[in-house]
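*Asks:* One structure, pasted below without further comment.
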Amino acid sequence: MIQNRKDIWTPDEDQTLASIVLSYIRDGKTQLNAFKTVGENIGRTAAACGFRWNGDVRKRFEESINEAKRERLKKKSRQKGNVLPFSTPGTPESIMEISDLLASILQLAESYKSQIHTQQETISALRSQLLNRDEEILILKEQAAKNAPSDLETLMGIMDRARSLGIIERTQH
């Protein structure tokens, strides 16, 4: 759909923009998608909606934005089965929620500790293999140096053979 340019935003358009963006924030959707939806509803581009939101409307709805974010966190927490400490501080409920949260954090830390230990063992084994490979390479280099004649020795052998066959004459220096 092609939108015509409109310069002046009406209060109704601002309200539509705000309500849809806040709804998307609550639902955990992106603001870019909200701007597209608003644009389709009011006949403006998504870019124009984003510009209006960031330039003017957002400032007027700061508290609503924060509330939508809190609602999103509560909703997300309920879906995951987590408990977030939103109770009044110092109440038995909030202390239990914090205790549960700390227990979850400790359990997660233990899990990471176990994973780190396993990775450290893997790193140690790989380092040992690397040292063994380095030793093998060193031994092979030494064997190659002993078994392979130098380039000069090879050249001199070729020249002696050519002289013995009479291909080149011996010169005196």
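The values are calculated or read from the model by the stated rules, or taken from the named source; none is laboratory data. Predicted model only: the values in this text are computed from it and were never measured. Ideal geometry is used to build each Cβ from the backbone, glycine not excepted, and the neighbour counts take in all protein chains shown. These accessible areas exclude ligands, DNA and RNA; they are computed on the full protein's heavy atoms, side chains included. Shrake-Rupley method; radii C 1.70, N 1.55, O 1.52, S 1.80 Å.
*Asks:* Tally the residues that are among the polar types (S, T, N, Q) and open to solvent by less than 90 Å² (accessible area, probe 1.4 Å), restricting the search to segment 94-141.
*Replies:* Number of matching residues: 10.
*Asks:* So if I check each of ALA46, ALA18, which one is under 22 Å from ARG72 (Cα atoms), at pLDDT 90 or above, among the aliphatic types (A, V, I, L, M) and touching a helix residue (DSSP H, G or I) at 6+ places or on another chain (Cβ under 6 Å)?
*Replies:* Going through ALA46, ALA18 in turn, just one is under 22 Å from ARG72 (Cα atoms), at pLDDT 90 or above, among the aliphatic types (A, V, I, L, M) and touching a helix residue (DSSP H, G or I) at 6+ places or on another chain (Cβ under 6 Å): ALA18.
*Asks:* Looking at (1) modelled with pLDDT under 90; (2) assigned to a helix (DSSP H, G or I); (3) within 31 Å of the chain's Cα centre (by Cα), can you tell me which one GLU93 breaks?
*Replies:* Every condition holds for GLU93 apart from (3).
*Asks:* Here's a check for you: in segment 142-157, which residue that is part of a helix (DSSP H, G or I) and among the small types (Gly, Ala, Ser) is surrounded by the most Cβ atoms within 10 Å (Cβ to Cβ)?
*Replies:* Checked segment 142-157; the qualifying residue surrounded by the most Cβ atoms within 10 Å (Cβ to Cβ) is GLY157.
*Asks:* Which residue is nearest to THR10 (Cα to Cα), if the candidates are limited to segment 59-69 and must be without any contact (Cβ under 8 Å) to a residue 12 or more places away in the chain and of a type outside the set (Asp, Glu)? Reasoning before the result, please.
*Replies:* In the first step, residues of segment 59-69 are kept if they are without any contact (Cβ under 8 Å) to a residue 12 or more places away in the chain; the result is 59, 62-63, 66-67.
If we keep only those that are of a type outside the set (Asp, Glu) too, we end up with 59, 66.
Working: LYS59: 17, ASN66: 24 Å.
This residue is LYS59.
*Asks:* Given the criterion touching a Leu at 6+ places or on another chain (Cβ under 9 Å), at pLDDT below 85, assigned to a helix (DSSP H, G or I) and among the small types (Gly, Ala, Ser), identify the matching residue among SER104, SER99, SER64, SER77.
*Replies:* Result of the check over SER104, SER99, SER64, SER77: SER77.
*Asks:* Can you tell me which residue among LYS59, LYS36, LYS29 is at pLDDT 95 or above and either open to solvent by 40 Å² or more (accessible area, probe 1.4 Å) or of a type outside the set (D, E, K, R) (or both)?
*Replies:* Checking each option against the conditions leaves just LYS36.
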